[in-house]
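To start, the structure itself, in structure tokens.
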Amino acid sequence: MSIFKRRHLSLPKALTLGFLIIILMGTILLSLPIATRGAHSTSILDALFTATSATCVTGLTLVSTAFHWTVFGQTVILFLMEIGGLGFMTFTVMLFLFTRRQMKLSTRLLAQESLNLDNLSQLSVIKLILLLSLIIQLTGAGLLMIDFYPRYGLIKGLWFSLFHAVSAFCNAGFDLFGNSLQGFANDPYVLSVMSVLIIAGSFGFLVWQDLLLYPKRHHLSLHTKLALGTGTALVLLSLIVYLLSENNLAILSSRVSYGNRLVNTIFMAITPRTAGLITLPYQQLSIASIAFTMLLMFIGGTPGSTAGGVKTTTIGLLTLQSIATLRGKRDATFGHRRFTQENVFRALTLIFVALTILATATLILCATQPIPKSDGLQTVTFEVMAAFGTTGISLGLTPHLNILGKLIIMFLMFIGRVGIYTVMFSILNASPKQATYRYPEESVLIG
């Protein structure tokens, strides 16, 4: 820790600064003339917004990824998605592993903070992250190539396969088709491959480590059990809600078969929590489906994954704690384990701070942006949730934002990816030291 004390740079500040440096580098590269198609140039703000969206694996864009950027610009976006999805500290540790140099304690602590690890002994997961990510993305690209090669030829098909495999696994939401995956509504093979890649990326690397070591350990951690349980419940609930409330089956009825409509609905149940890829315009969804989608974007994926939001384990923990409290029990339990009070306090604080930030951002955007007269609040709230959840699904507001609106959306994307605690600790100069005294306890009326 001495290096941080000498430089007055805490772990959260170092992590926040690292992401900002990556975004700045991406902005510079995307501002170069070689990154833009034709004779048009890209403004610094548009380049900054795109770099932020890619690094924070969101997918909200001001310009078309398919038609505005050259192959160079798209390659920059691909690398930003990869670095943002896996975390820049993962690549830092990778350099140490390749050069066989010993990491300083400060570097190990920063990697621990970046990957949401409980202790330094879990740093061994980084090798798994790199290897597993490479295998999954290359496998996904190979499977997509089976479909893309006949469509686009060898070179273009290979590039499209690689780009979209990275985009799906990193839950980034960028595409090179110009309309996301709407052209594949009648292609269950591509949707199935993309769905598996999205789920693999949103699991979280600690969950993958637990699953891969299960045959040897015959044991899953409480984190893995809660993450898998909550994630499965959300997918099943999403499928039921969309089948009951959504008219997308009717929207697609003239274009696809009943089986493919079901595949589209399953894909729709998987993607809103973080991926941002769509097979039909969300402007055509029912109000109930849009409201439920905003809830899914707010929840997000699993901690330590490529996803944003408040995370599935937070929602799962608070749900179990609420049920226990309503049943008159003191402790929330799951998998024959009891959650710590620190877990409950951090989850409650996270939800409160997130709702405060989202409400403030929504209020400012409603007061300053050229929003549509009808459904204006719905459009703004949806965009705010999409940015915070690093989802990238849009109702069309983002390209019309003014400078203030773009800055707010960029901040939401950044805090959604880096993490509320990390950013807030950086801003507030929070210290882990506890006071040596405590005030007397007294109750207040609640509810």
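Before moving on, here are some points about what is shown:
- Counting the residues of the range 353-376 that are surrounded by fewer than 13 Cβ atoms within 10 Å (Cβ to Cβ) and over 15 Å from LEU295 (Cα atoms) gives 7.
- Taking residues in the range 34-49 that are in contact (Cβ under 8 Å) with a residue 24 or more places away in the chain and surrounded by fewer than 20 Cβ atoms within 10 Å (Cβ to Cβ), and partners anywhere that are assigned to a helix (DSSP H, G or I) and among the aromatic types (Phe, Trp, Tyr), the pairs with Cβ atoms closer than 8 Å and at least 6 places apart or on different chains are ILE34/PHE72; ARG37/PHE67.
- There is no residue in the range 200-212 that is farther than 24 Å from THR314 by Cβ, without any contact (Cβ under 8 Å) to a residue 60 or more places away in the chain and over 20 Å from the mean Cα position of the chain (by Cα).
- The range 26-51, residues that are among the hydroxyl-bearing types (Ser, Thr, Tyr) and outside any loop (DSSP other than H, G, I, E, B): THR27, SER31, THR36, THR50
- Within the range 168-211, tally of residues that are part of a helix (DSSP H, G or I), under 25 Å from SER394 (Cα atoms), open to solvent by less than 20 Å² (accessible area, probe 1.4 Å) and in contact with a helix residue (DSSP H, G or I) (Cβ under 6 Å, 6 or more places away or on another chain): 12
- From THR302, THR333, THR314, residue being free of Cβ contacts under 8 Å to residues at least 60 places away in the same chain, within 21 Å of PRO272 (Cα to Cα) and among the polar types (S, T, N, Q): THR314
- If you check THR340, THR302, THR312 for being surrounded by fewer than 18 Cβ atoms within 10 Å (Cβ to Cβ), among the hydroxyl-bearing types (Ser, Thr, Tyr) and out of contact with any His (no Cβ under 8 Å at 6 or more places or on another chain), only one passes: THR340.
- Count of the range 52-72 residues which are part of a helix (DSSP H, G or I), over 18 Å from GLU383 (Cα atoms) and either open to solvent by 40 Å² or more (accessible area, probe 1.4 Å) or not β-branched (Val, Ile, Thr) (or both): 5
- Considering (1) part of a helix (DSSP H, G or I); (2) under 30 Å from PRO303 (Cβ atoms); (3) among the charged types (D, E, K, R), the lone condition that ARG151 does not fulfil carries the number (2).
The values are calculated or read from the model by the stated rules, or taken from the named source; none is laboratory data. Fair warning: this is a prediction, and the values are worked out from it, not measured in the lab. Cβ sites come from the backbone with ideal geometry, for glycine too, and all protein chains shown count toward neighbours. SASA here: full protein model, heavy atoms, side chains in, ligands and nucleic acids out. Shrake-Rupley method; radii C 1.70, N 1.55, O 1.52, S 1.80 Å.
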